[in-house]
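*Asks:* Have a look at this one.
Since every read-out is calculated from the coordinates, none of them should be taken as a lab result. Keep in mind that what you see is a predicted model, and the values were worked out from it rather than measured. Methodologically, a virtual Cβ is constructed for each residue, glycine included, from the backbone with ideal geometry; neighbour enumeration extends over all protein chains shown.
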C-alpha cells in the first residue's frame, strides 16, 4: 500500500508576507506564488521583469545569495529558475522564455555570482542573457556545433553503438 502524502503545511506568517510583498511589488509583472514546503516559496514573474524582481529583493529583503540557476526545456518554452536564499527562506524565482527567442536580461550586474550559472544555462539550453559580460562556453567544447543545445528535448545524442563506416 502506498504511503499517503501529507498535504503541504500552510506558509508561516513570514513566508505568507513575503509572497504578498513580492506580488504587490511586481504588479502586472507578477504571475503567481506558491508555498512549496517549510521555508520555501516559488514565485513566477514575466521574463522581462526578472531583473526588476531581483533588484527589488536586493533592496527590500537584503538579497545577497544566489544558490544556483536551473534551466529546463518545457517543449516550446524554456524555464529559467533562480534559486535564492533570503531571510532564511529559499525563494525560487521562475520565468519562461519562448524556445524560438530565448532571451532574458542577465542578473549578473545585480548578483555577480550569477555569471557562471548564466553561462551554463546558455551553453546547454541556448538562453541568451542580455547584458552578460561574457557568454563564452563554459561546459561544452569550443568546437561544439553552433545552435545545438544538449539539454533541449529535441536534441538527439549521437549513437555510440553505430559501426564506423
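*Asks:* Round to the nearest 0.05 the FRET efficiency obtained for residue 77 and residue 37 when R0 = 25 Å and r is the Cβ-Cβ distance.
*Replies:* For residue 77 and residue 37, the calculated efficiency is 0.50.
*Asks:* Still on this structure: How far apart, in nanometres, would the label points at residue 144 and residue 130 be if each is projected 7 angstrom from Cα along the Cα-to-Cβ direction?
*Replies:* Simple spin-label model gives 2.4 nm for this pair.
*Asks:* In angstroms, what radius of gyration and Dmax does the range 82-134 have, counting Cα atoms only?
*Replies:* 11.7, 37
*Asks:* Per the helix-only calculation at 222 nm, which mean residue ellipticity applies to the chain, given -39500 (n - 2.57) for every DSSP H run of n ≥ 4 and division by its residues, nearest 500 deg cm²/dmol?
*Replies:* -7500 deg cm²/dmol
*Asks:* Give the peptides 111-122, 136-147 in descending order of average Cβ contacts within 10 Å, highest first.
*Replies:* Packing order, densest peptide first, comes out as 111-122, 136-147.
*Asks:* Based only on other Cβ atoms within 10 Å, what is the fewest-to-most ordering of 132, 65?
*Replies:* Sorted ascending by nearby Cβ count, the order is 65, 132.
*Asks:* How tilted is helix 114-125 with respect to the longest principal axis of the chain? Cα atoms for both, answer in degrees (0 to 90, nearest 10).
*Replies:* With both axes taken from Cα atoms, the answer is about 50 degrees.
*Asks:* Give me 72, 18 sorted ascending by neighbouring Cβ count inside 10 Å, so fewest comes first.
*Replies:* So the ranking, lowest neighbour count to highest, is 72, 18.
*Asks:* Using the alpha-carbon atoms, what tilt in degrees (0 to 90, nearest 10) does helix 13-26 show relative to the longest principal axis of the chain?
*Replies:* 70 degrees
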